[in-house]
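The values are calculated or read from the model by the stated rules, or taken from the named source; none is laboratory data. Note that the structure is predicted; figures quoted are calculated from it, not measured. Cβ coordinates were reconstructed from backbone atoms using ideal geometry, including for glycine residues, and neighbour counts include every protein chain displayed.
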Amino acid sequence: MKILFIGGNGVISSACSELAVQQGHDLYLLKRGQTTTRPIPPGATVLYGDIRDVNSAKAALADHTFDVVVDWVAFAPEHIETDLTLFQGKVAQYIFISSASAYQTPPQRLPITEETPLHNPYWRYSRQKIACEDRLMAAYQTDGFPVTIVRPSHTYDQTKVPMIGRYTALDRMLKGKPVVLHGDGSSLWTLTHHRDFAKGFNGLLGNAAAIGEAVHITSDEWLTWTQIYEALADAAGVTPRIVYLPSRIIHAYDHEVGATLLGDKANNMLLDNSKIKRLVPSYEATIPFTEGAKEIVAWHAADVARQVLDPKWNTLLDDLVHKYQLIVPFE
């Protein structure tokens with residue numbers, strides 16, 4: 001198939017791009033400029049244009065037509081309007097990347113299925129994704145726009161440390177300093193390796209049964225947040241010193257991080273993958289987080305330039321630990 005990825009070398013999309021080329025698809029990436037974090041897979045064609053500027057995107061796309069278009073970087077309803085302008089009547093399948101954080105938060109029932117209501121009063125990012133989904137489903141129902149909605153949950157690659165403070169927190173672990181974890185660490189979470197995600201996602205490309213449907217794609221491995229921190233510490237060869245703090249205290253110190261906790265990570269998020277397995281019968285997530293944690297630690301250790309510290313977060317973590325460590329002593 002001839003496929004367009006708008007974006008295509010992000011945390012999630014990079015694995016899908018690589019797999020699409022391996023599968024023999026004619027892959028095009030629409031991008032604004034060069035990138036060095038994740039290389040473009042050999043065999044993919046880059047079109048340079050700005051998806052936020054309709055005229056720029058039209059010029060880049062020229063006379064191309066595509067079997068499938070995937071927008072990895074649409075976050076607000078106005079982004080959807082641009083895509084409808086560009087692709088209405090010109091593509092056999094359009095895939096929107098939404099988010100599992102759009103599901104009812106906190107969920108009333110587990111596991112979450114695609115029938116779980118969409119409602120997140122805590123995180124604007126999620127509400128914007130819901131608004132995008134609503135607009136696209138209206139376009140499908142009224143105009144036959146061939147949309148498929150995909151809802152990733154917490155999907156990672158070797159460049160992303162899934163801790164509060166990201167690499168700064170890993171660096172603190174390596175130096176024997178305490179790190180902060182929300183709640184009491186017992187809430188259940190799912191981390192999905194981007195190569196596992198790609199196996200399910202690429203099975204949706206050109207899949208007629210997925211038109212007009214929404215589907216999430218995650219691993220079936222459920223871990224507590226304490227187990228996640230311990231896996232990273234074990235991969236780094238250290239013993240973690242964890243200070244457990246209520247999410248609302250963290251939110252009081254940093255509203256942006258706090259919103260991601262209250263609107264997502266602080267809740268048990270167990271997702272039923274029956275639907276993706278029906279649509280893509282071969283789908284199976286096979287990379288446990290113990291292996292992913294080793295990749296994360298090794299990637300950062302391989303190049304000091306990757307070991308980017310956030311002074312603000314270092315100070316904030318020190319402050320949180322100093323003021324609240326007696327809630328649950330770490331020693």
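Quick check on Arg32: is it surrounded by fewer than 17 Cβ atoms within 10 Å (Cβ to Cβ), of a type outside the set (A, V, I, L, M), touching a residue at least 12 places away in the same chain (Cβ under 8 Å) and over 22 Å from Gln158 (Cα atoms)?
Answer is yes for this residue.
I want to confirm something. Restricting to segment 137-155 and keeping residues that are part of a strand (DSSP E or B) and within 17 Å of Asp83 (Cβ to Cβ), which single residue is nearest to the chain's Cα centre (by Cα)? Reasoning before the result, please.
First, the residues of segment 137-155 that are part of a strand (DSSP E or B): 147-152, 154-155.
Adding the requirement that they be within 17 Å of Asp83 (Cβ to Cβ) leaves 147-150.
Numbers: Val147: 20, Thr148: 17, Ile149: 14, Val150: 11 Å.
Out of the qualifying residues, it is Val150.
Of a type in the set (S, T, N, Q), surrounded by fewer than 19 Cβ atoms within 10 Å (Cβ to Cβ) and within 17 Å of Leu191 (Cβ to Cβ): is that true of Thr260 in this structure?
Numbers: of a type in the set (S, T, N, Q): yes; surrounded by fewer than 19 Cβ atoms within 10 Å (Cβ to Cβ): no; within 17 Å of Leu191 (Cβ to Cβ): yes.
In short, no.
Sort out for me the helices (runs of 4 or more DSSP H) sitting completely within segment 1-116 that have 2 or more residues that are over 22 Å from Ala131 (Cα atoms) and not charged (D, E, K, R).
On the way: elements: 13-22, 54-61, 77-87.
Where helices (runs of 4 or more DSSP H) fall fully within segment 1-116 and carry at least 2 residues being over 22 Å from Ala131 (Cα atoms) and not charged (D, E, K, R), they are 13-22, 54-61.
Regarding segment 275-293, can at least one residue be identified that is closer than 18 Å to Leu232 by Cβ, part of a loop (DSSP other than H, G, I, E, B) and either outside the structural domain of Thr37 (by TED's automatic domain parsing) or under 19 Å from the mean Cα position of the chain (by Cα) (or both)?
Initial filter on segment 275-293 (closer than 18 Å to Leu232 by Cβ): 287-293.
The next check asks that each one be part of a loop (DSSP other than H, G, I, E, B); those that pass are 287-288.
From what's left, either outside the structural domain of Thr37 (by TED's automatic domain parsing) or under 19 Å from the mean Cα position of the chain (by Cα) (or both): 287-288.
Checked against the condition, which is being closer than 18 Å to Leu232 by Cβ, part of a loop (DSSP other than H, G, I, E, B) and either outside the structural domain of Thr37 (by TED's automatic domain parsing) or under 19 Å from the mean Cα position of the chain (by Cα) (or both), segment 275-293 yields at least one hit.
Any chance you could count how many residues in segment 33-51 are over 27 Å from Gly203 (Cβ atoms) and in contact with a Lys or Arg (Cβ under 8 Å, 6 or more places away or on another chain)? Reasoning before the result, please.
So in segment 33-51, the residues over 27 Å from Gly203 (Cβ atoms) come out as 33-34, 36, 48-50.
After this cut, where a residue has to be in contact with a Lys or Arg (Cβ under 8 Å, 6 or more places away or on another chain) as well, the list is 48-50.
Residues that pass the stated criteria total 3.
Residues that are surrounded by 15 or more Cβ atoms within 10 Å (Cβ to Cβ) and either in contact (Cβ under 8 Å) with a residue 60 or more places away in the chain or of a type in the set (D, E, K, R) (or both): does segment 52-62 have at least one?
no
Just checking, which of Asp143, Asp171, Asp184 is surrounded by fewer than 20 Cβ atoms within 10 Å (Cβ to Cβ) and modelled with pLDDT of 95 or more?
Values: Asp171 fails: surrounded by fewer than 20 Cβ atoms within 10 Å (Cβ to Cβ); Asp184 fails: modelled with pLDDT of 95 or more.
From the options Asp143, Asp171, Asp184, the qualifying one is Asp143.
Please indicate, with yes or no, whether at least one residue in segment 103-116 is surrounded by fewer than 17 Cβ atoms within 10 Å (Cβ to Cβ) and either more than 30 Å from Trp222 (Cβ to Cβ) or of a type in the set (Phe, Trp, Tyr) (or both).
So far as segment 103-116 goes, no, none of its residues is surrounded by fewer than 17 Cβ atoms within 10 Å (Cβ to Cβ) and either more than 30 Å from Trp222 (Cβ to Cβ) or of a type in the set (Phe, Trp, Tyr) (or both).
Give me the pairs: first residue in segment 67-94 and more than 19 Å from Asn9 (Cα to Cα), second residue among the polar types (S, T, N, Q) and surrounded by fewer than 15 Cβ atoms within 10 Å (Cβ to Cβ), beta-carbon distance under 9 Å, and six or more apart or on different chains, which are they?
Close Cβ pairs satisfying both conditions: Lys90/Thr65; Val91/Thr65.
Report whether or not Ile250 is buried (at least 20 other Cβ atoms within 10 Å of the Cβ), at pLDDT 95 or above, assigned to a helix (DSSP H, G or I) and hydrophobic (A, V, I, L, M, F, W, C).
Numbers: buried (at least 20 other Cβ atoms within 10 Å of the Cβ): yes; at pLDDT 95 or above: no; assigned to a helix (DSSP H, G or I): yes; hydrophobic (A, V, I, L, M, F, W, C): yes.
Considered against the rule, which asks whether it is buried (at least 20 other Cβ atoms within 10 Å of the Cβ), at pLDDT 95 or above, assigned to a helix (DSSP H, G or I) and hydrophobic (A, V, I, L, M, F, W, C), Ile250 comes out as no.
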